Each structure stands twice: as structure tokens, then as C-alpha cells.
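The values are calculated or read from the model by the stated rules, or taken from the named source; none is laboratory data. Small disclaimer: the values here were computed from a predicted structure and weren't measured. Because the Cβ atoms are built from the backbone with ideal geometry, glycine has one as well, and the counts that use them run over all protein chains shown.
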Amino acid sequence: DAEWPRPGRCRIISVANQKGGVGKTTTSVNIAASLALHGARVLVVDLDPQGNASTALGVDHHADIPSIYDVLIEDTPLADIVVPAPEIPNLYCAPATLNLAGAEIELVSKVARESRLRRALDAYDTDGFDYVLIDCPPSLGLLTVNALVGGDELLIPIQCEYYALEGLGQLVRTVDLVKAHLNPEVNISTIVLTMYDARTRLAAQVAEDVRAHFGDIVLNTVIPRSVRVSEAPSYGQSVITYDPGSSGALAYSEAASEMAHRWVEAAQ
Ligand code: ADP
Ligand code: MG
């Protein structure tokens, strides 16, 4: 595969939307896989207790392994938990295990509870990576706040359905609060439309509304609904390796290419 331009410094991107099932994990994993296959070194931080990103990358996340929970709660260095994703060179994962569900509560009484991921990333050699993608849980709790404080960019997947825009106001306000008090650098850099069903007028209408509201940060590429995308995780794979020629794989690859190229264009 051709190499895409690399960012020149590590981009730390939180993939967030407090709605569940909108494609956060699918987007994190497939964008990460595409970037890695085009020459970038990529780390996926799984910040969802379900561990779906770990599963989809073929990475073990049973209860006893050292995981992002230990990083956030026990001050374990990230270097001790990061593992290579078996399918793709240059792709790594910080896995999540179920005990992370308790972290949301346990963090409350911790010192610097909002910036524990940031501290872990700062102590880790992220210069060795071109991208860190943080797959957030479906809430705006302390785990997601840790992602927003730890990263500079926010990538929001939006599913093209009726209630898509509802709740985004709350996400935007959370980002503004984090910006004001905890991380002035954070910004919503990218929006990707997911699970697009070209047969429905509704999907087209929602896409139009999102573009009208958010403008240029919405990627031109739209991710279609595709069975292959939903099958891939059960094989411990991204759709990029599971079925590279499928519409979902091609779309995610195109979306990742846009993210890589827009960055270097903006830097010029
Ligand atoms: P989230 O992480 O936001 O909860 P997921 O990425 O887990 O969302 O996606 C929710 C469900 O939709 C999963 O079962 C996933 O496999 C499926 N899915 C995601 N994107 C697509 C797509 N483009 N086509 C078909 N199914 C998809
Ligand atoms: Mg998820």
C-alpha cells in the first residue's frame, strides 16, 4: 500500500459520542488499521469496559491481563500494557478489561482524576507513534473526560438516523468545559458519518443537516452500512484486513486518507 503523509508529531484523537452504537469502536479500529497499513505507527487506547476495540484488533482482554484500568487506577505505565495487534504491523493496542467499568467510580476519589490518562500518555513515549486513537465509552463520564484531557482532537462518529443531532449539544458543551478548565488544546477536528443507508431519504437529510451545522470538519467520505463491517470483529479483525475490497473497508480507508491528508494540507 502507498504511504500517506505522516503528521510530524503524534496526533492524539479521542473518538467520542455519548450515544452507544453509533460506530465509535468500528471507526477507531478501522481508521487505525488503515493508517497503520499506509505507513503510520498507531496506538489504539481502548477506554470502554466492553473491550470491543481490543476484541476487534484480535487482542486478548480477559479479566486478569494488565489493562488500561491499571494505568488509570494503579499508575501502571502504559508501556507495561501496550501490546501489538497481531494482524497488522505498526498497530498497537492498550486493552480494556471489564474492571474498567468500576473505574468511573474509583476515579472520583483519585488525585487529578480528569488527567490520569494525560499523565500516562505524557510519561509514555508517544513520539514513537504518529497517531493515538482513544475509543471512548458511550457516556460523558470521567473516562471520556480523561480522553478529552489526554488528547488534542476529537473525532465524532455520527450515525445518520433521526436522533443523530440530539445529544451532540451536550457533547459540544462538555468539550467546551474541558477546553476552558482542563485542556485548552482540545478541539473537534473531525466528524464522520457512519452506517449510511443510501436508500433512505432520512439518511441523506441527516447528512445534509450535519454538514450544514458543522461544515468542513465533516469528512467527504461517508461510511456505508455494510454487513462485512459488522462481521469483522468476530474474526478479531478490522474490515480492512477481513475484506479489503468491501464497501466498508474502502470507505474507512478513504476516510483515514482524508484525515491524514487534511492535516498536512492544514499545516502548509
Ligand atoms: P459504538 O462503539 O459507538 O457503541 P460500534 O462501533 O460498536 O458502536 O457499532 C455498533 C454496532 O454497529 C456494532 O455491532 C457494529 O459492528 C455495527 N456497525 C458499525 N458500523 C457499521 C457499518 N458501517 N455497517 C454495518 N454495521 C456497522
Ligand atoms: Mg464502542
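Residue check: is THR55 over 25 Å from GLU106 (Cα atoms), of a type in the set (S, T, N, Q) and either near ligand 2 (Cβ under 10 Å from one of its atoms) or surrounded by fewer than 24 Cβ atoms within 10 Å (Cβ to Cβ) (or both)?
no
Could you tell me whether the range 15-24 includes any residue that is modelled with pLDDT of 95 or more, closer than 18 Å to TYR235 by Cβ and in contact with a helix residue (DSSP H, G or I) (Cβ under 9 Å, 6 or more places away or on another chain)?
no
Within the range 215-227, track down each residue that is surrounded by 15 or more Cβ atoms within 10 Å (Cβ to Cβ) and part of a helix (DSSP H, G or I).
Restricting attention to the range 215-227, the residues satisfying the condition of being surrounded by 15 or more Cβ atoms within 10 Å (Cβ to Cβ) are 217-219, 221-226.
Listed by number, the list holds a single entry, ILE217.
Quickly run through the range 123-152 and pick out the residues that are of a type outside the set (A, V, I, L, M), surrounded by fewer than 22 Cβ atoms within 10 Å (Cβ to Cβ) and under 16 Å from LEU171 (Cβ atoms).
Selection gives PRO138, SER139, GLY141.
Within the range 147-164, how many residues turn out to be closer than 10 Å to SER14 by Cα and away from ligand 2 (no atom under 16 Å from the Cβ)?
Of all residues in the range 147-164, those closer than 10 Å to SER14 by Cα come to 147-156.
Now narrow it down to the ones that are away from ligand 2 (no atom under 16 Å from the Cβ): 148-153.
The number of residues fulfilling the criteria is 6.
Which residues, counting only those in the range 29-50, are surrounded by fewer than 24 Cβ atoms within 10 Å (Cβ to Cβ) and under 20 Å from PRO138 (Cα atoms)?
PRO49, GLN50
Only one of these is in a helix (DSSP H, G or I), under 21 Å from ARG6 (Cα atoms) and not basic (Lys, Arg): ALA203, ALA249, ALA232. Name it.
Of the residues listed, the single one that is in a helix (DSSP H, G or I), under 21 Å from ARG6 (Cα atoms) and not basic (Lys, Arg) is ALA249.
Among the numbered criteria (1) in contact with a helix residue (DSSP H, G or I) (Cβ under 9 Å, 6 or more places away or on another chain); (2) under 20 Å from GLY20 (Cα atoms); (3) at pLDDT below 95; (4) not aromatic (Phe, Trp, Tyr), which single criterion is violated by ALA203?
(1)
Out of (1) at pLDDT below 95; (2) of a type in the set (A, V, I, L, M, F, W, C); (3) within 19 Å of PRO233 (Cβ to Cβ), the odd one out for ALA2 is which?
Every condition holds for ALA2 apart from (3).
Looking only at residues that are part of a loop (DSSP other than H, G, I, E, B) and under 10 Å from the mean Cα position of the chain (by Cα) in the range 18-59, which one is nearest to ligand 1 (Cβ to nearest atom)?
Among those that are part of a loop (DSSP other than H, G, I, E, B) and under 10 Å from the mean Cα position of the chain (by Cα), it is GLY23.
Touching a residue at least 40 places away in the same chain (Cβ under 8 Å), part of a helix (DSSP H, G or I) and among the hydrophobic types (A, V, I, L, M, F, W, C): is that true of ALA212 in this structure?
Details: touching a residue at least 40 places away in the same chain (Cβ under 8 Å): no; part of a helix (DSSP H, G or I): yes; among the hydrophobic types (A, V, I, L, M, F, W, C): yes.
Answer is no for this residue.
Answer yes or no as to whether PRO7 is touching a Leu at 6+ places or on another chain (Cβ under 8 Å), within 25 Å of VAL178 (Cα to Cα) and not in a strand (DSSP E or B). Walk me through it before giving the result.
Details: touching a Leu at 6+ places or on another chain (Cβ under 8 Å): no; within 25 Å of VAL178 (Cα to Cα): yes; not in a strand (DSSP E or B): yes.
No; evaluated as a whole, the condition is false for this residue.
I'd like the full set of residues that are over 15 Å from the mean Cα position of the chain (by Cα) and either closer than 25 Å to GLY167 by Cβ or not in a helix (DSSP H, G or I) (or both), limited to the range 103-117.
ALA103, GLU104, ILE105, LEU107, VAL108, LYS110, VAL111, ALA112, ARG113, GLU114, SER115
Kindly indicate whether LEU143 is within 16 Å of ligand 1 (Cβ to nearest atom) and part of a helix (DSSP H, G or I).
Working: within 16 Å of ligand 1 (Cβ to nearest atom): yes; part of a helix (DSSP H, G or I): yes.
So LEU143 passes the test.
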